[in-house]
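This report refers to the structure that appears directly beneath it.
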Amino acid sequence: MICGKEPVAEGGPGIRERYSRFVGRKMAFLFLLSICIVLLAGFSATLGSANLSVSEVYFAILARFFPGHFQTTWFAETVVWGLRLHRIMMAMVAGAGLAVAGAAMQGILRNPLASPFTLGISSAASFGAALAIVMGAGFAGGEYLIIGNAFLCTLLASLAVYGLARYKGITPETMILAGIAIMYLFSALTSFLQYVGQAEQVAEVVFWMMGSLGRSSWEKVWMVLAVLALCLPYLLLKSWDINALGAGDETAKSLGVNVERTRVVSMMLASLITASVICFTGTIGFVGLVSPHIARMAIGADNRFLLPASALCGSLLLLAADAAARTILAPVILPVGIMTSFLGVPFFIYLFLKRRKEFW
């Protein structure tokens, strides 16, 4: 077998060395993204009316875990841990969750436009929130009325997509068409609620649909992180099966993949991750669509590396969007969903104009 210019036996040192470099480049990209996230998180924690330096932020964080080695002030600890860090962590886990969900959907549906936003899942969450705000009706009570509605409506939309697709045969095309139909249905229902609602209620619905990290708390961060920690290992375990789906259903079946089960379970887990995020943050578009493309352009379409790389890209993108939202019109904080669209649309147009076939 010929590897480059050096003839070697199959499975010999040449192939192992090339594979090691292949994996090493991808791991280096993941490490670089992690470093960028840590640096951006430290910078983001300095933004606000209380002035802190980046070093003070890092010392306040490290002092919580290593109190004997790092010293901080009561003021810095209160500002970082009590006011800012939970918002930053929510941006990180929410961005990672939306990006992983988008990457999984694009892989199992073999469609570069698939994402939680374009398949109707976000529209269902918006309807659930609007139902709670305008009608006061929902599946929970108190402060969890809007959250519970958004979460359960998202899951109901996923089940509706699955039911419609199963009726016609579960293929990428039927799932995408079912998702589009569900998206328009819930968008129409949300518009109807806005039409009959009072001005204050409509304003609250619109603000929720713009997406915001201002409602974050440590309890919500841990809830989203728990769902992501439960769902991501399965998607990583099935990354070879998702890779096989990219070659077509018949090819995947010939390789021993249970195509229907892999597609349905992965879609449901991606929907669960999305539901756990947007019920707390509102609708945040483009993160689940753009982040997987950025990762795919950098390291290729192997889902063993694409899923974690997409998660890191999503965290970095949402962190950057939130930092921009808190800076541009300071002290006014813009909804982060607006900033992700501003950042995502130019890149999406760039992909449309410049994307080579091998990107997908």
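Quick notes on this one:
- Candidates Ala298, Ala275, Ala320, Ala325 - the one that is under 30 Å from Gly163 (Cα atoms), in contact with a helix residue (DSSP H, G or I) (Cβ under 8 Å, 6 or more places away or on another chain) and of a type in the set (Gly, Ala, Ser): Ala275
- Selection status of Arg356, of a type in the set (Lys, Arg), modelled with pLDDT under 85 and surrounded by fewer than 21 Cβ atoms within 10 Å (Cβ to Cβ): yes
- Count of the range 106-135 residues which are among the hydrophobic types (A, V, I, L, M, F, W, C) and farther than 27 Å from Leu307 by Cβ: 8
- In the range 185-241, the residues that are among the small types (Gly, Ala, Ser), touching a residue at least 40 places away in the same chain (Cβ under 8 Å), surrounded by 13 or more Cβ atoms within 10 Å (Cβ to Cβ) and on the phi < 0 side of the Ramachandran plot: Ser187, Gly197, Ser212, Gly214, Ser216, Ser239
- Once the range 287-316 is narrowed to residues that are among the charged types (D, E, K, R) and in a helix (DSSP H, G or I), the residue that is farthest from Tyr350 (Cα to Cα) is Arg304.
- Residue list for the range 159-184, filter: outside any helix (DSSP H, G or I) and surrounded by 18 or more Cβ atoms within 10 Å (Cβ to Cβ): Ile170
- Taking the range 53-100 as the range and being surrounded by 19 or more Cβ atoms within 10 Å (Cβ to Cβ), among the charged types (D, E, K, R) and more than 25 Å from the chain's Cα centre (by Cα) as the test, only Glu56 passes.
- Scanning the range 92-113 for residues that are out of contact with any strand residue (DSSP E or B) (no Cβ under 6 Å at 6 or more places or on another chain) and on the phi > 0 side of the Ramachandran plot turns up at least one hit.
The values are calculated or read from the model by the stated rules, or taken from the named source; none is laboratory data. A quick note: this is a predicted structure, and the numbers were derived from the prediction, not measured. Reconstructed Cβ throughout: ideal geometry from the backbone, glycine too, with neighbour counts over all protein chains shown.
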